[in-house]
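Dropping a structure here in structure tokens format, bear with me for questions.
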Amino acid sequence: MSNSVLKKKENYTPTTNACKLCTPLGASLVFKGISNAVPLLHGSQGCSTYIRRYVISHFKEPVDIASTNFSEETAIFGGGVNLNLALDNLRKQYNPEMIGIATTCLSETIGDDVAMFLKSYREQRIDQRLPEIIHVSTPSYRGTHMDGFHGAVQAVVEGLSNKDFDARSGHQLNIFPSMVSPADIRHLKDILKAFGISYAMLPDYSDRLDGALWSEYQTIQKGGTDISEIKNMKKARASVEFGKILEGGRSSGGKYLKDTFGVPCYSLGLPIGVRETDAFFKVLENLTGISTPDRFVSQRERLIDSFVDGHKYVSGIRAVVYGEEDLVVGMVSLLREIGIIPVLCASGGKSGLMEKTIETIVPEYQPLGISIRENVDFMDIEKQAADFSPDIFIGNSKGYTLSRRIGKPLVRIGFPVHDRIGGSRIRHLGYEGAQELFDRIVNTLIEKGQEKSEIGYTYI
Ligand code: SF4
């Protein structure tokens, strides 16, 4: 063999404790946010078990995610037979209106042609009434849970908006909230209701992943976006899509509706903090022609008043912020409003856009010594964090062990929150979300100072 074939590879450390999650997990959340829909993972059973465990532990709700259950034989001969069987079983047991299929690493690696399998499945059952079947390709070795999430939103919009308009419903605004908490989704719905605008929100898992106590097991929880509403998205007056990285980086449901049906799309940052929330309210004012209702104006005023009250506790504080890119960008916006320096902004995502996007929010990020790192794991974050002497960590539960080793407190946001209760109820969006985040950050810092105090003061 020639030398070029036997070239020695540099030593490298593989990912250690990834700062991202599995791609089909994001897709499964989208399918859980659609009425009478069931997620089906095409691949090994372990993938679905891992995702269910992760999602249940955060949301504290039962979460069914079906699997085509690959074996050694399937990995060699392909998963077509398993897929047919799984679809038949799901139809029999759940009678769903939609089955959302996400492909796992294994089925992607062996190159299963799911589109062809589905074509033949439909042809063989031409005389049967089938649910909508939507497939999204989600190889986890190529992306993060956010890629799976946005990919699934787009696949659902593409798959359903080409169906006939459903005259029983119709709405003015499409809203794509991104992967936010059930409390955030409810808050957004409250805002839209106050503006009197009819909308379809995709996804909406605020009931299915944060519902009431059941007396009997429900195979499919109530709630979620109506399939008829998704079919009608093409006739809406406009779409609003949250995510600055999404805006610059990839195709999306909103962009598809704009390019295919001419529905104008407003791409905004996640409305975290005053500036980004103002931008969202401005769009709603323009679309509806009415001014922001008084109660939101009051929320904004109270928020700014509290910023003044708490400024002395946060000014100049150094934070490490990590998680999905758009959440990090949104948090950076809030942190700069309140005087915190996000010295290290880190994500396992690798859009190549995080630094450029943060620069638009914090043009002076270099003189402030802010480091922006994409495509990193928690080992990278820990190594770099130690050099930055942070006062606080802000991110999901996966960073707890590192914040513990460094001896600084962690404010839990985003997903997953596995070591606390109430992950579904964390609010990030709107003036009220910013208020909650601000209070939690300030109180965490005060608590840390109080713990360290020799006199144990009771008054600040
Ligand atoms: S094998 Fe791939 S799809 Fe399955 S759980 Fe792991 S990362 Fe996710």
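Bear in mind that the values in this text are calculations on the coordinates, not laboratory data. Predicted model, so just to flag it, every value in this text is computed and none were measured. All Cβ positions, even for glycine, are placed from backbone atoms using ideal geometry, and neighbour counts span all protein chains on display.
Could you work out the relative contact order of the chain, using alpha carbon pairs under 8 angstrom and six or more residues apart, expressed as a whole percent?
With pairs under 8 Å counted, the relative contact order is 17 percent.
Quote the charge dipole size of the chain about the Cα centre in Debye, to the nearest 20; the model charges only the Cβ of Lys and Arg (+1) and of Asp and Glu (-1).
180 debye
Loop sites only, by DSSP: take the GluC sites (Glu not before Pro) in the chain that have at most 14 other C-beta atoms within 10 Å and name the longest stretch containing none of them.
So the longest stretch without any such site is 11-215.
Same structure again: Evaluate the Debye formula for segment 371-460 with equal point scatterers sitting on the alpha carbons, no solvent, and hand back log10 of I(q)/I(0) at q = 0.15, 0.16, 0.20, 0.24 Å⁻¹, in q order, two decimals.
Cα-only, vacuum Debye calculation for segment 371-460: -0.68, -0.77, -1.09, -1.29.
Using the structure shown, select from K258/K282; K163/K244; K189/K234; K119/K350; K383/K452 the pairs with a Cα to Cα distance greater than 27 angstrom.
Exceeds cut-off: K163/K244; K119/K350.
Also, quick follow-up: Are there any helices in the chain, counted as whole DSSP H runs, that stretch 24 Å or more along their axis by Cα and score at least 1.0 on average by Kyte-Doolittle, and if so which?
none
Just the number: Rg to Rh for the chain, Cα atoms, Kirkwood Rh, two decimals.
0.99
Still on this model: Roughly how large, in nm² to one decimal, is the mean projection of the convex hull of the alpha-carbon atoms in segment 23-161?
7.9 nm²
Could you pull out every residue, at least 5 positions away or on a different chain, whose amide H is within less than 5 Å of the one on T225? Hs are placed 1.01 Å off N in the peptide plane, and Pro or chain starts have none.
Close amide H contacts, sequence-distant or interchain: I34, S35, D204.
While we're looking at this one, here's another question. Once phi is turned into ³J(HN,Hα) by the Karplus curve 6.51 cos²θ - 1.76 cosθ + 1.60 with θ = phi - 60°, what whole-Hz value does each residue of segment 96-106 show in order, with x for glycine and proline?
Taking θ as phi minus 60°, the curve returns x, 8, 8, 10, x, 9, 10, 8, 8, 4, 5 Hz for segment 96-106.
While we're here: Can you list residues whose amide H is under 5 Å from S178's amide H, if they're 5+ apart or on another chain and H is modeled 1.01 Å from N?
Close amide H contacts, sequence-distant or interchain: F242.
Now for a separate question. Quick check on the chain: helices-only [θ] at 222 nm, where DSSP H runs of length 4 and up contribute -39,500 (n - 2.57) each and the sum goes over total residues. Nearest 500, please.
So the calculated ellipticity at 222 nm is -14000 deg cm²/dmol.
Before anything else, pin down the relative contact order of segment 98-164: Cα pairs under 8 Å, at least 6 apart, normalised by residue count, whole percent.
42 percent
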